[in-house]
Every structure is written in C-alpha cells, then in structure tokens.
Amino acid sequence: MLGPVILAASRSDRMRRLISAAPVTKQVVDRFIPGETVDDIVPIIEERTAQGLELTMDVVGEDITTPDEARAARDAYLALVDRLAELELGERVEMSVKLSMFGQALGDGGHELALANVRPVVEAAAAIGTTVTLDAEDHTTLDSMFAIHDELRKDFPQTGCVIQAYLFRTEADARRLAANGSRVRLVKGAYKEPAEVAYQQKHEIDKAYVRVLRTLMEGEGYPMIGSHDPRLISIAQELARRAGRKPDEYEFQMLYGIRGDEHLRLAAEGHRMRVYTAYGTDWYGYFMRRLAEKPANLRFFVRSMISKG
Ligand SMILES: Cc1cc2nc3c(=O)[nH]c(=O)nc-3n(C[C@H](O)[C@H](O)[C@H](O)COP(=O)(O)OP(=O)(O)OC[C@H]3O[C@@H](n4cnc5c(N)ncnc54)[C@H](O)[C@@H]3O)c2cc1C
C-alpha cells in the first residue's frame, strides 16, 4: 500500500526539500501542473476551451503560514479573474479553491479569515459569469468548509463544494446538499484519513461513491462527477438517465494530465466535461497526492531520478 506512505511523506519538510530539489522533478511535475503563472496557463485555457472543454482553475499553495500569504492567495485568484474577463472566458472557466490557502488553518480566527478572503473571489467570479467551488481537504477542515459554503450561498447560490466518498459522514452531507440545490463535486478522496472516519478499502469507497452519486442525481442540485474511473463514469451516465437529467444538468470533471483522451471523448459525446487545472509554484502537496493515487506515477518518478542521477 504505497499510497498512504506517500501521503504521510507529503507532510514531511525533509521530503519536500528533497523532492523539490531533485533534478528531474520539474519535468514530471509539468504533467500535472502545467505552469507557474497566469501567463503560462492562458494558452492551455484557450486550447482546452477551443476543444469544447470547460475548466476549473486551482492556484496551488495550500501550505501557507501567515495571514499575508493568505491574502496573497486571494490576490492570485483575483488576478486570474481579471485575465478571464479579458479573455471573455468567464462562462467556460470556474475556480477551485482550498480554504487552507485562504487562511483557514491559521489557528484562532482562521475560519473568519478564510471567509473574508474567499468572499471577494466569489464576488469577482460572479461578476464575470462564473463561480467558485470549495475543494474538500482533510476531514478536520470540513465543518468549517461547509459553514463557509452555506454563508457564501446566501448571496451566491452557485458556489460549489466537494464531498469525498471515502468519509462516513458524506452520505448525510450529500442528502443535505442534494435537498438544498447545491452544486456538488463528488470525488473518492485524496487525503490520508483514519479508519474511525473513512473507508479504507477501494471496493468500499467505490460502493459509497455510487450510493452518494445516486442521492445527488435524484436530488435538486447540480452533480459534478469528479473521477477518472471508467466504471463510475458509466454508472454516472446510467444514473443520470434514470433520474431524467439532461446533459446540461450534471457534468464530468477530471484532472489535467490524467486520461486526456477521455476528456475529449466525453465532450464529443455531448457531455459537459471540465478539466481541473492546477498552476503555481507551490505545487508540492498537489503533486504528492497525484503520486499517491497511482503507484505507477511514483515508479516513473523514481526511475527518472535514477536514470538522470
Ligand atoms: C476534478 C477533480 C477534483 C478533485 N478534487 C478533490 C478534492 O477537492 N478533495 C479531494 O480529497 N480529492 C479531490 N480529487 C481527487 C480524488 O479524490 C481522487 O483522489 C482522484 O480523482 C483519483 O480517484 P478516481 O476517482 O479517479 O479513481 P481511481 O480508482 O483512483 O482511478 C481510476 C483510474 O484513473 C486513473 N488515475 C487516477 N488517478 C491518477 C493519477 N494520479 N495519475 C495517473 N492516473 C490516474 C488511472 O487510470 C486509474 O486506474 C479530485 C479529483 C478530480 C477528478
């Protein structure tokens, strides 16, 4: 079970220094995080939207340690919104944010700071016809995330959030969100969670994913299927059909760099397909989660290090 080991390593400063400095890291990182600045990322946004895809943009950098860094994160998103406005692509490109990056994890007052920082981003997004989705981080952060989501939805009902099938709590969260008409991205879950709060076995997580997806499809909200799993994608299509949903009443989402042909296939079939695209310089946490999801990624990374070393 390499995944949990990699996720544990992702919290180590020593590993961060080692991996960030490795000579081949950059070229492997580029597969998942294709740029550091807005300028790097604009050609990708233009290319993908021209291919009929939609995007959700993530400025990476969850490991902030000061309120100033949290405000800088807010400003990075505001700069992205300005750029989307210039490109007139607001309706095709939304944003995903991690509240930790907006200050949520900074101790007392972190919740309020994150809300204060994310609100202007949500307002700016709405002004150009798009929206923001709050990513789900580890389980200790979720009550705060859902409270911020409820608060933002009072003025901006399109604000989305993410739920993770591996958590026991998610079936109840899904019922609440499906009843109140939320936009909800369902994912399996990417963090290292203890057995007291989360399923540990792949088959249990997959079964939970289907149960939760059924609730979302039968509910009042807008389901966003965040998965690359071919079996879950065909189950989602069948559940959408049974629930009588039209193609614009749900969407598929996948990560940049993973199953790119499938992005295009689903879009060509007439589905809404959104590519989660991360960029920025503080890519370590995001990159390590991608390594943990597929041990072959780690083997490739290690082989590249050995052959260059
Ligand atoms: C749009 C989107 C947003 C997400 N947001 C969040 C979030 O907010 N919070 C959170 O906890 N998690 C998030 N995740 C990650 C998610 O929880 C899973 O860890 C990830 O999607 C892998 O699960 P899977 O459903 O693709 O199924 P898996 O069974 O893991 O993968 C199915 C197949 O997809 C391919 N694949 C999957 N991952 C990789 C990879 N890293 N590299 C190469 N191939 C791969 C492989 O072919 C694999 O066999 C998000 C995922 C997506 C797609």
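Just so it is clear, none of the values below were taken in a lab; they were calculated from the coordinates. Model, not experiment: these values are computed from the prediction. Cβ: placed from backbone, ideal geometry, glycine included. Neighbour counts: every protein chain shown.
Here are the numbers for the structure shown:
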item	result
Residue-averaged 222 nm ellipticity for the chain, from DSSP H runs of 4+ at -39500 (n - 2.57), nearest 500	-16500 deg cm²/dmol
Cα-based reach from residue 192 at 21 Å (exclusive), listing lysines while leaving out same-chain residues under 8 positions away	98, 202, 207, 294
Residues residue 13 and residue 265, FRET efficiency given R0 of 51 Å [Cβ-Cβ distance, rounded to 0.05]	0.80
Under Karplus coefficients 6.51, -1.76 and 1.60, residue-wise ³J(HN,Hα) of segment 84-92 in Hz, glycine/proline x	5, 5, 4, 7, 6, 10, x, 6, 9
Relative contact order of segment 1-120, defined on C-alpha pairs under 8 angstrom at six or more residues apart (%)	21
Interchain or long-range residues, amide H under 5 Å from residue 274's placed H	54, 252, 253, 254
Relative contact order (percent, whole number), the chain, Cα cutoff 8 Å, 6+ residue spacing	25
Neighbour-limited loop hits for chymotrypsin sites (Phe, Trp or Tyr not before Pro), segment 82-179 (at most 16 other Cβ within 10 Å; DSSP other than H, G, I, E, B)	168
Peptides ranked, highest mean first, by Cβ atoms within 10 Å: ranges 81-90, 241-250	81-90, 241-250
Under 5 Å, built H, 5+ apart or other chain: amide partners of residue 198	168
Anisotropy class of the chain from Cα gyration tensor, a/c 1.5 cut	rounded
Inter-label distance, nm, simple model (7 Å from Cα along the C-beta direction), residue 39/residue 65	2.9
Share, in percent, of DSSP beta bridges within the chain that are antiparallel, nearest 5	5
Packing-based ranking, highest mean first, of 45-54, 131-140, 109-118 given that Cβ atoms within 10 Å are counted	131-140, 109-118, 45-54
